[in-house]
Amino acid sequence: MAIVASLAALALMIGGSSEEARAFVREDSSALGSPSFCKSGDLAHDFGLSQLPPVREPPEGGDLPFGPKTVRLLGDWGKILPVGQSFGYGLWSENYYGRTPLKWTLRARMFAVSSAGETGREVDRSQLKVKTISSRDEIELYLDPLRRPGFYRYDFEILDEDGKQLANYGEHLKVFARRYWKPRLTLNGSEFRPGQRVLSRVENHGTEQVNYGEEFGVQRLEGGSWVAVPGMTQRVWALWLGLAGPGVSGRCSSLHLPDDVAPGDYRIVKRVGKASWPRGRSYWLAARFAVVG
């Protein structure tokens with residue numbers, strides 16, 4: 001509730017009316033539209049990972065089905081890595097007032113795999129015993145793939161004090177050598193009617209990080225030229241910086257079409273940038289759609 005109130009206050013401070021402030025809070029794009037389309041962090045381009053055999057990936061959110069409720073799995077969920085970058089899991093605790101006894105053993109192994117998912121040689125391994133944990137601890141088990149492109153698999157085990165396996169999770173990874181820039185702007189459809197909601201999101205189909213924000217514009221095709229449409233977007237924007245790593249999709253932005261919007265060809269335009277943005281160079285993306293009667 002405090003966050004919502006602060007957002008409304010921000011809207012008023014930068015020139016919006018109280019009605020616009022309330023609309024600004026309601027239009028929080030993280031809670032809009034299709035959950036499958038608007039799931040930030042999903043792979044937009046998996047670089048061949050979907051062709052590999054399935055593995056038992058860790059639970060979403062890091063919630064473990066065993067052990068103390070204050071202990072969660074800490075994951076490095078970026079599956080597309082440059083040569084020389086490590087990958088790993090760990091544990092973190094929400095116990096801020098003491099130490100939680102665990103007596104667990106963490107084991108991690110890294111294997112090279114073929115494009116068909118066949119397991120090759122082991123390239124790295126590590127083991128760590130964890131007697132107790134608190135919120136101040138940083139317990140991580142990172143491993144290094146070979147310094148060459150290809151597919152790899154990270155295996156992670158949790159054992160109790162008697163050596164019994166409590167959990168075994170895995171993750172397929174793709175290591176790349178060449179960096180390239182390939183952002184896209186995608187929509188949740190190609191045709192919409194007045195009064196409907198258009199959702200857009202930035203997708204990173206390249207290997208360089210894409211930075212983006214909430215703001216976007218709307219243009220209409222008139223006489224062969226794209227012309228800005230005033231009043232189609234909000235006057236107040238949330239001030240946040242989104243980061244889309246290699247192959248990853250960003251969070252959604254929402255456009256509510258007015259009930260009296262004219263049929264025709266439109267597009268959403270949005271500025272994105274590389275890691276140095278806004279100091280460095282920025283780029284404009286566009287996604288076209290049609291309004292039909």
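The values are calculated or read from the model by the stated rules, or taken from the named source; none is laboratory data. Being a predicted model, the structure only gives us computed values, none of them experimental. Glycine also receives a Cβ, built like all others from the backbone with ideal geometry; neighbour counts cover every protein chain displayed.
Brief remarks follow.
- L199 vs. criteria touching a Phe, Trp or Tyr at 6+ places or on another chain (Cβ under 7 Å), farther than 21 Å from R271 by Cβ and among the hydrophobic types (A, V, I, L, M, F, W, C): no
- Residue that is among the hydrophobic types (A, V, I, L, M, F, W, C), exposed (fewer than 13 other Cβ atoms within 10 Å of the Cβ) and under 23 Å from G78 (Cβ atoms), where the choices are A244, A275, A228: A275
- Odd one out for V236, checked against (1) touching a helix residue (DSSP H, G or I) at 6+ places or on another chain (Cβ under 6 Å); (2) closer than 19 Å to T186 by Cα: (2)
- Residue within the stretch 196-213 that is crowded, with 19+ Cβ neighbours inside 10 Å, under 30 Å from R72 (Cβ atoms), among the small types (G, A, S) and in contact with a helix residue (DSSP H, G or I) (Cβ under 9 Å, 6 or more places away or on another chain) present: no
- The strands (runs of 3 or more DSSP E) found entirely in the stretch 167-244 include none that carry 2 or more residues being without any contact (Cβ under 8 Å) to a residue 24 or more places away in the chain and in contact with a Gly (Cβ under 9 Å, 6 or more places away or on another chain).
Let's see how each residue does on (1) surrounded by fewer than 18 Cβ atoms within 10 Å (Cβ to Cβ); (2) more than 15 Å from S86 (Cβ to Cβ); (3) over 22 Å from the mean Cα position of the chain (by Cα); (4) of a type outside the set (D, E, K, R):
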{"site": "R121", "(1), (2), (3), (4)": "yes, yes, yes, no"}
{"site": "P145", "(1), (2), (3), (4)": "no, no, yes, yes"}
{"site": "P149", "(1), (2), (3), (4)": "yes, yes, yes, yes"}
{"site": "R153", "(1), (2), (3), (4)": "no, no, no, no"}
{"site": "K164", "(1), (2), (3), (4)": "yes, yes, yes, no"}
{"site": "N168", "(1), (2), (3), (4)": "yes, yes, yes, yes"}
{"site": "E171", "(1), (2), (3), (4)": "no, no, no, no"}
{"site": "W181", "(1), (2), (3), (4)": "yes, yes, no, yes"}
{"site": "F192", "(1), (2), (3), (4)": "no, yes, yes, yes"}
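- Restricting the stretch 40-57 to residues that are under 30 Å from E94 (Cα atoms) and at pLDDT below 90, the residue that is surrounded by the most Cβ atoms within 10 Å (Cβ to Cβ): L43
- Among the residues of the stretch 228-240, none is identified as over 18 Å from R267 (Cβ atoms) and modelled with pLDDT of 85 or more.
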